[in-house]
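Data block below; observations after.
The values are calculated or read from the model by the stated rules, or taken from the named source; none is laboratory data. Keep in mind that what you see is a predicted model, and the values were worked out from it rather than measured. Neighbour counts are summed over all protein chains in view; Cβ atoms, including those assigned to glycine, are modelled from backbone coordinates with ideal geometry.
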Amino acid sequence: MMQTTAVVIGAGHAGLAMSRRLTERSIDHVVLERGEVANSWRTQRWPSLRLLTPNWQTRLPGYRYAGGDPDGFMPAAEVVATLSSYARYIGAPVRTATAVRTVRAVPQGFEIQADDHVLHARAVVLATGACNLPATPRVADAVPAPVTSLTPLTYRDPCQLPDGGVLVVGASATGVQLAAEIHRSERPVTLAVGEHVRLPRTYRGRDIFWWLEATGLLAERYDQIDDLTRARHLPSPQLTGTREATMTDLNSLTALGVRITGRLGRIADGVAQFSGSLPNTCALADLKMNRFLNRADQWATTSGLDDELPAPHRFAPTYVDPRTPLELNLTTGEITTVLWATGFRPDHSWLDIPVFDRAGHIRHDGGAVTGGPGLYVLGLPVLRTRASTYIHGAATDSQAVASHLHTHLSSGRR
Amino acid sequence: MTITDSPVDNGVNVQALLGAREALSAAPEAAEFTWRASCTWRTGTHSRSTVSGFTGLGAEQEHRTTYEFDVDHPECFASEDNGATPVEYVLVGLAGCLTAGVASVAQLRGIQLRSVTATIEGQMSVLGILGADPDVRNGFEGVTIRFAIDADASREDVEALVAQSQKRSAVYDIVTNPTKVLVEVA
C-alpha cells in the first residue's frame, strides 16, 4: 500500500488549484485523475460551449490570463489547453487514467482504492466537479418511445439530432444556449421554462461579471447568505460567452422564433403538460435582475463612477405570449427530441463514508466535510462564496481549504 | 424626543414560521401533512362539506371548530343556489392562499400593510361541462387576480411581494401544475 499525506481526487481547475496550495505548504500529495487533466472539459462538454466568465477573470493560484483577448470567453478546447499548461507549470503530481473506485475511512486517515492499487492518506480532497451526472427529473421516464431523449453531457451539436422539433427542458445557461443553437439548425425549438436567472451580458458598457465582482456580490460568504440551500441550487444565469449579443434571455429566444412554455409538469399519455405559472416565473426573474441592477447603480454612484460609465437603463420586461400552450403532444411526430437541460449533480458514489444529507449532497462547512475530519470538498456551487461556482473561486477556496487541512494535519501529530 | 421605529405588525408570527422551517428541515417526516374534507350529498346539486381534522407534525390535528361549506349551483342552472359553486371555492382557495402569502412575505420583509384586496375571476365556456363542444375544456380557460394593496412600500416592492406570494403558494401550484388525482369507489 502506498502512503501519502494527502490525495486530491480530480485534476480539473479545483484539484489543480488545491495541488498548488499543498505544494506551497510542502504537503506531500498526489492528484488522481480518471482520464486526462480537464477530463470533463474534454469529454463531457459540447464543443461550442464557452466559459460564462470573461478571460480576465480566469485566475488560479499563481496564474492570470495573459493572452490577447482578456474580454473574450474561452471555448471548451481552450479551457483544456489552459488547465493542461497550468498542471505542467505548477508541476502537479497528477496520475492520469487512474479512476478512484472507493474511498473509506480507516484509523489515521483514508484508504483510497484506485483501479489496481491502494493508497493510504491522512487527508482527502474531493475535486471531481459539480457536473458529473445529469439531474434529470422523473418525468423523463414518460417520454414516448420514438422521441429521442438527450442530456447536455452527451450533446455535441445539432447534427447529431434527428430532423424535427426539439423540446428543450430548462432555461439555465445550458438551456438557453442549446435552444438557440438547435433552433438555428432549422429544428424548431420549444423551451420549457421554470425558475431562472435573467442577467444581461453587459450593462453600462461593462461585462456583467465585472459588476458581480465589483459590487462584492461574488465575494458574499456562504455563512452570511440567508438561504444557502437556495443559493447553492440556483440555476446558472441565462448568459452565453459571447460579446455579440447583450442578452441571451427569453425575449431574444422569442425573437429568434423559439416557442416558450411554462415548466414541464408531467407527460400523460404522451402529452407534455406545462405549468401555467410562466408569467410569475418571468416576473420574478425580471424583479431579481432589476434588484441587482439597482445595487450595481448604487455601487457605481458611491464609487464615483457615474461620470465615466454610460447612464443607467433598464431592459424590457420578459414578454409572455398570452397564447402560450399548456400542452404539447409528443406523439404526433412534431417533436423528435427532448433535451434535458435540467441541471447536473456531482457523482460521489465511490465515497464510502456516511457524510451525505437526505438529498444525497455532501454536508460540509465551507469545504470541510461534516463528520469526516480530514475530508474536504472543492469546486461545488457557493462552496465558500458565490464565486466558488466559477473557476476563479477555486483560487481563494483552495487557500482556505488548504489552511484547514494543514491545521488538521498538525493537530493529528500531537 | 425619542424616535423609535414602530414595529411592522401584519398579525403574522414570522418567528414561528421561520422556527418551523428550521425544525421541519431537521425532521422532514413531521413536515408531511394530509389535508381532508368530507362531502355529503343533500339533494339536487346541493352538498355540504365539512372540514375539521388534518394530519401533520407527526400527529392528528383538529381545527378550533368544524367548518361547513354549502356547495350548489345557481338558479340559472336550474338549481336552488344553496351555496357557492365548486369553481368559486377554487377561486376562494386561490385568493385566500395568495393573500395569506402577501401578509407573511410583507411581515418577513418589514412592510406594513394597511389594506389588501384581491379580486379574482375565472373564465370558462360551459360548453365544456355540458358536453356540447369537445374542443372546450371543462376547467378555467384562465384565471385573473387583481391585488389592490395599500402598504408602506414602493410599487416595485409591492410587485415583488405579490410575485413571491405566488412562488410560495400551495393553491397557486395546485392550479397551475398537473396533480395526480385518484377517485375510487368505497
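Here are the numbers for the structure shown:
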read-out	value
Positions within region A:298-307 being surrounded by 13 or more Cβ atoms within 10 Å (Cβ to Cβ) and free of Cβ contacts under 8 Å to residues at least 60 places away in the same chain, in sequence order	A:Leu305, A:Asp306
Residue count for region B:153-184, restricted to those that are touching a residue at least 60 places away in the same chain (Cβ under 8 Å), more than 10 Å from every other protein chain (Cβ to nearest Cβ) and outside any helix (DSSP H, G or I)	1
Total residues in region A:23-69, condition assigned to a helix (DSSP H, G or I) and closer than 17 Å to A:Val80 by Cβ	6
Residues of region A:170-226 that turn out to be among the β-branched types (Val, Ile, Thr), under 20 Å from A:Cys131 (Cα atoms) and not in a loop (DSSP other than H, G, I, E, B), as a count	2
Some residue of region B:115-133 being within 14 Å of chain A (Cβ to nearest Cβ) and loosely packed, with under 14 Cβ neighbours inside 10 Å	yes
Segments classed as strands (runs of 3 or more DSSP E), wholly inside region A:239-303, with at least 2 members that are at the interface with another protein chain (Cβ under 10 Å from one of its Cβ atoms) and more than 19 Å from A:Pro188 (Cβ to Cβ)	A:264-268
Pairs, first in the same structural domain as B:Ala59 (by TED's automatic domain parsing) in region B:25-40, second of a type in the set (Ser, Thr, Tyr) and surrounded by 10 or more Cβ atoms within 10 Å (Cβ to Cβ), C-beta under 6 Å, six or more apart	B:Thr34/B:Thr55; B:Ala37/B:Ser49; B:Ser38/B:Thr50; B:Cys39/B:Ser47; B:Cys39/B:Ser49
Scope region A:348-359; condition assigned to a loop (DSSP other than H, G, I, E, B), away from chain B (no Cβ under 14 Å) and closer than 21 Å to A:Val382 by Cα; matching residues	A:His348, A:Val355
Restricting region B:72-87 to residues that are assigned to a helix (DSSP H, G or I) and free of Cβ contacts under 8 Å to residues at least 12 places away in the same chain, the residue that is farthest from B:Cys39 (Cα to Cα)	B:Cys76
Number of positions in region A:101-117 that are more than 21 Å from A:Leu405 (Cα to Cα) and either modelled with pLDDT under 95 or surrounded by 20 or more Cβ atoms within 10 Å (Cβ to Cβ) (or both)	4
